[in-house]
Structure formats: structure tokens, C-alpha cells
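Trainee: Just passing along the structure, written as C-alpha cells.
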Amino acid sequence: MTNRSPILPPAWLGILGGGQLGRMFIHEAQSLGYKVCVLDPDSLSPGGAVAEKHLCADYGDEKALSEMAKLCAAVSTEFENVPAKTLDYFQDKGIFVAPMGQCVSIAQDRVLEKEFLQQCASSSGIGPVPYCVIQSQNDLTTVPGHFFPGILKTARMGYDGKGQTNVANTNELALAWQEFGGDVCVFEKKMPLAFEVSALVVRAHDGESTAYPIAENIHRNGILHTSTVPSPSLAKHPELSKKIIAASFEIAKKMGYVGVLCVEYFILQDGSVVVNEIAPRPHNSGHYTMDACVTSQFEQQVRAMARLPLGDVTLMEPVAMLNILGDVWFDQDQVVEPAWHHVLAHPSAKLHLYGKATPKIGRKMGHINCLGKGIQEVKDACTAVAHDLGIAP
Ligand code: ADP
Ligand code: MG
């Protein structure tokens, strides 16, 4: 029989990956009284700097996995490209794993992910973007004409717009596929987007589920730029919000998912909605929960993996989250610490920096949650803070 009892502090929890998501998870776990062991091959990882124990090794390193297994009562992941068999390893040892390897393996492969989302469509009511799989020369010639212009995406290891490229016609498709080394790819029709949103749902071991308010997301160069909550564009469409939340619950349930799951959606110019992708972990578009909700997405991940009751997802105030990329450290070729005191002069701007050693162009270094009484107020605060940091409007 499956063990249903809660895992209480001061037990050890394990987290695979010590990036910013791992670090914020660790902070919340520690705040609840747990000890955390993080596995990350980077000796300078943001999570490794704050965990009680940092195993500095690869995700398949047997010695490290065995050490983590001896120490931890439950294991989770912040990194969706962790080998699913690493999660299976812990599960086989009777350790509670949330989310399970089979959920992570769907999310880390765009082909499996699209197939799964297509299967969900009949019950969730929302299907994926029209797509086809490209894995041979022959596949290049059978793409229906109406898929152009489209986007070619590598099946594995893509994130923040990396591993994808716009394609206008069959010739460009063949070239782009060649440039991706002939790896398995999905080719999607480029959709006419009205706006983008993400749903953040949490599912407990007993199936109890809850959903945060939907975030409206703006991307720049394929990277999340801002998330605004409640979604201004959904304000006049409560039925659409309900449909998105219901579909996200259905996706989580069909996967037997435990933990925080983010589901990205596109709202098209004709008012219809399609599902883009899923992330089996707390998500950048859910960082607003850290300051604006009763329970943050990271605390929920701790609760779910420790088989504790889920926390209250109520939004206490409207919020706009601004991502801070390494770009703002660069003044010509010089690396200069941004003027955080100017940001913090906005009393309701909450700054979160991830402690990354080296700023790089496009690297996620932190975020700022701008709180306020209304949507316009938080948008204005976000614009002002971005201006202070020299981020283009
Ligand atoms: P990533 O894993 O990098 O987040 P996504 O598939 O979510 O990859 O793509 C990143 C962004 O690119 C999306 O948020 C959206 O703005 C744009 N995009 C991706 N696919 C499409 C599409 N089929 N049609 C229109 N825009 C798209
Ligand atoms: Mg995405």
C-alpha cells in the first residue's frame, strides 16, 4: 500500500537542480523547517549556496543518487531535463517522488508532450497548436502547406526560445532542420496570437487540486518579460478563464501529477484558445505568487511533496512581475551592479535576486514583483521600475 502519511520537518527533502527555481524552493522548504539536499553539477549553483547539503555531481551519478536516497524522504525536481530515470531511481527505492518520472518525461519531449496534449483535448476541451513531427527527410516533404509560416522546435532541451526557429517555406524548413543536426523536431503553425497566459495548478497526492489566478505573459526574444495578474485581457472573459483552469486540472489529473504544474496557453485573435506547453515544476510566470498570494508556488511544491495539505492560493493584491536579465548589468562592455536602491525606492516593488555569480546577456538573474491596488497601478509601477533599470519599454 502507498504511504499516505505526511513527511514532517525536520525531514530532508531532495531537489534535483540548483538553479533559481531550486534556490527559491529551498528557501521555502527551510522556512517550513525542512532540510534540503540539492543535486547540481555546478559548484556555484544558486541552490547549492543555500541548501544544507549540495551534492555536486551529474544527474545520473550513482554515488550521489545513493547518498540522496539515504538522506531524503521525498524528492522533487526544478529542472525538467533531469533524466526521468533518475526520478524513477528514487521511486524504485520507495522514496516519494513528486512529480513522477513519467510526467517529467512527457514534458521534456515536445513530441510526447504534443501527443499527450492532443489526447487530453477531447476531455479538456482545448487542443494543441497544429503540429507535425519531423524526424526524416521524407517528413520534410509531407508538411501541409497551411503550416507555413511556422516554427521548428527541437523535441528536447529547448527553453527560453532556444532550440526554435521561424520558417517561411519548405526550403527554409529543410535548412533549419539541418541546422538542428537532423534531430527529432516538431513543426508548428505560427499562430496569430492575441495574448498569452499561463495557468498554475497544484495537485496533491490524494488528488486535491487548486489553481492560482491566471497570469498574462509578455515574452521578448522568446524569454518571459512580464507576468500580470489578474490577466487584464481575460477580465472580460470569465468563461474563458474557467475553461483554461478546467483544462489544466484535467491535464494534471490525466498525468497522475503531484506538485505544481504550469500550463501555457495562446489566446488567438479569433478568440479561441490552444495549449502551448507544460512545465512540470514551479514556473517563472508563477513568481508573482511569492509576494502577491497567501501561499507561494514554491511552498506549494514543498507541501505537495511532503503530502501536506495545500495552501491558500488567494491573490492578495494585483501584481506585475518583471524579469531581470543579465543585460541590465552591462554598461557598454563594463559589468556594473544595477542601481537597486532606485528600484527599492518604489515601496511596493519586491526584489528577488538569485545570487548567480556571472551576469550574462539573456541570463535570468532575478525578478521584481510590483504590487498595487489596481491593474493600472501595478503596470505603471512595473514600467517605472523597468525604466530605472534601463530596460526598454
Ligand atoms: P519555450 O520552451 O522556449 O518556452 P515555447 O514553445 O513556449 O518555448 O515558445 C516560446 C514563445 O514563442 C511562446 O511563449 C510564444 O510567444 C512564441 N511561440 C511559440 N510557439 C508559437 C506558435 N506556434 N505560434 C506563435 N507563437 C509561438
Ligand atoms: Mg514556453
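Trainee: Out of curiosity, is residue 305 of a type in the set (A, V, I, L, M) and crowded, with 24+ Cβ neighbours inside 10 Å?
Mentor: yes
Trainee: Among the residues of segment 186-203, write down those that are of a type in the set (Lys, Arg) and either open to solvent by less than 60 Å² (accessible area, probe 1.4 Å) or in contact with a helix residue (DSSP H, G or I) (Cβ under 7 Å, 6 or more places away or on another chain) (or both). Break it down into steps so the answer makes sense when it comes.
Mentor: Taking segment 186-203 and keeping what is of a type in the set (Lys, Arg), we get 189-190, 203.
Hits for segment 186-203 are 189, 203.
Trainee: Residues of segment 276-306 being more than 26 Å from residue 372 (Cα to Cα), within 15 Å of ligand 1 (Cβ to nearest atom), of a type outside the set (Gly, Ala, Ser) and touching a helix residue (DSSP H, G or I) at 6+ places or on another chain (Cβ under 8 Å), which ones?
Mentor: Hits for segment 276-306 are 277, 278, 280, 281.
Trainee: Further question: Identify the residue in segment 211-251 that is within 15 Å of ligand 1 (Cβ to nearest atom) and of a type in the set (Gly, Ala, Ser) and, among all such residues, is farthest from residue 159 (Cα to Cα).
Mentor: 233
Trainee: Moving to a separate point now. Taking the options 328, 385, 343, name whichever one is touching a residue at least 40 places away in the same chain (Cβ under 8 Å), more than 21 Å from residue 291 (Cα to Cα) and either charged (D, E, K, R) or surrounded by 18 or more Cβ atoms within 10 Å (Cβ to Cβ) (or both).
Mentor: 328
Trainee: Kindly indicate whether any position in segment 121-143 is in contact with a Gly (Cβ under 6 Å, 6 or more places away or on another chain) and more than 10 Å from ligand 1 (Cβ to nearest atom).
Mentor: yes
Trainee: Related question: Going through segment 149-159 one residue at a time, which ones are surrounded by 16 or more Cβ atoms within 10 Å (Cβ to Cβ) and out of contact with any Lys or Arg (no Cβ under 8 Å at 6 or more places or on another chain)?
Mentor: Matches in segment 149-159: 152 only.
Trainee: Given the structure, is residue 143 open to solvent by 30 Å² or more (accessible area, probe 1.4 Å), hydrophobic (A, V, I, L, M, F, W, C) and either touching an Asp or Glu at 6+ places or on another chain (Cβ under 7 Å) or in a loop (DSSP other than H, G, I, E, B) (or both)?
Mentor: Here the answer is no, as residue 143 does not meet what is asked.
Trainee: While we're on this one: Got at least one residue in segment 162-185 being within 11 Å of ligand 1 (Cβ to nearest atom), in contact (Cβ under 8 Å) with a residue 40 or more places away in the chain, in contact with a strand residue (DSSP E or B) (Cβ under 7 Å, 6 or more places away or on another chain) and open to solvent by less than 10 Å² (accessible area, probe 1.4 Å)?
Mentor: Within segment 162-185, not a single residue is within 11 Å of ligand 1 (Cβ to nearest atom), in contact (Cβ under 8 Å) with a residue 40 or more places away in the chain, in contact with a strand residue (DSSP E or B) (Cβ under 7 Å, 6 or more places away or on another chain) and open to solvent by less than 10 Å² (accessible area, probe 1.4 Å).
Trainee: Still on this model: Can you pull out every residue in segment 251-272 that is surrounded by fewer than 20 Cβ atoms within 10 Å (Cβ to Cβ) and farther than 21 Å from residue 220 by Cβ?
Mentor: 253, 254, 256, 270, 271, 272
Trainee: Does residue 266 meet the test of being under 16 Å from the mean Cα position of the chain (by Cα) and either part of a loop (DSSP other than H, G, I, E, B) or within 15 Å of ligand 2 (Cβ to nearest atom) (or both)?
Mentor: yes
Trainee: In segment 220-258, what residues are within 16 Å of ligand 2 (Cβ to nearest atom) and assigned to a helix (DSSP H, G or I)? Full working, then the answer.
Mentor: Step one: of segment 220-258, the residues within 16 Å of ligand 2 (Cβ to nearest atom) are 220-227, 244, 248, 251.
Across segment 220-258, the qualifying residues are 244, 248, 251.
Trainee: Spot the failing condition for residue 272; the list is (1) within 15 Å of ligand 1 (Cβ to nearest atom); (2) closer than 23 Å to residue 374 by Cβ, and only one is missed.
Mentor: Checking residue 272 against (1) within 15 Å of ligand 1 (Cβ to nearest atom); (2) closer than 23 Å to residue 374 by Cβ, the one that fails is (2).
The values are calculated or read from the model by the stated rules, or taken from the named source; none is laboratory data. Everything numeric here is computed off the predicted structure, so don't read it as measured data. FYI the Cβ positions are ideal-geometry reconstructions off the backbone, even for glycines, and counts take in every protein chain you see. These area figures cover heavy atoms from the full protein model, side chains too; ligands, DNA and RNA do not enter into them. Shrake-Rupley method; radii C 1.70, N 1.55, O 1.52, S 1.80 Å.
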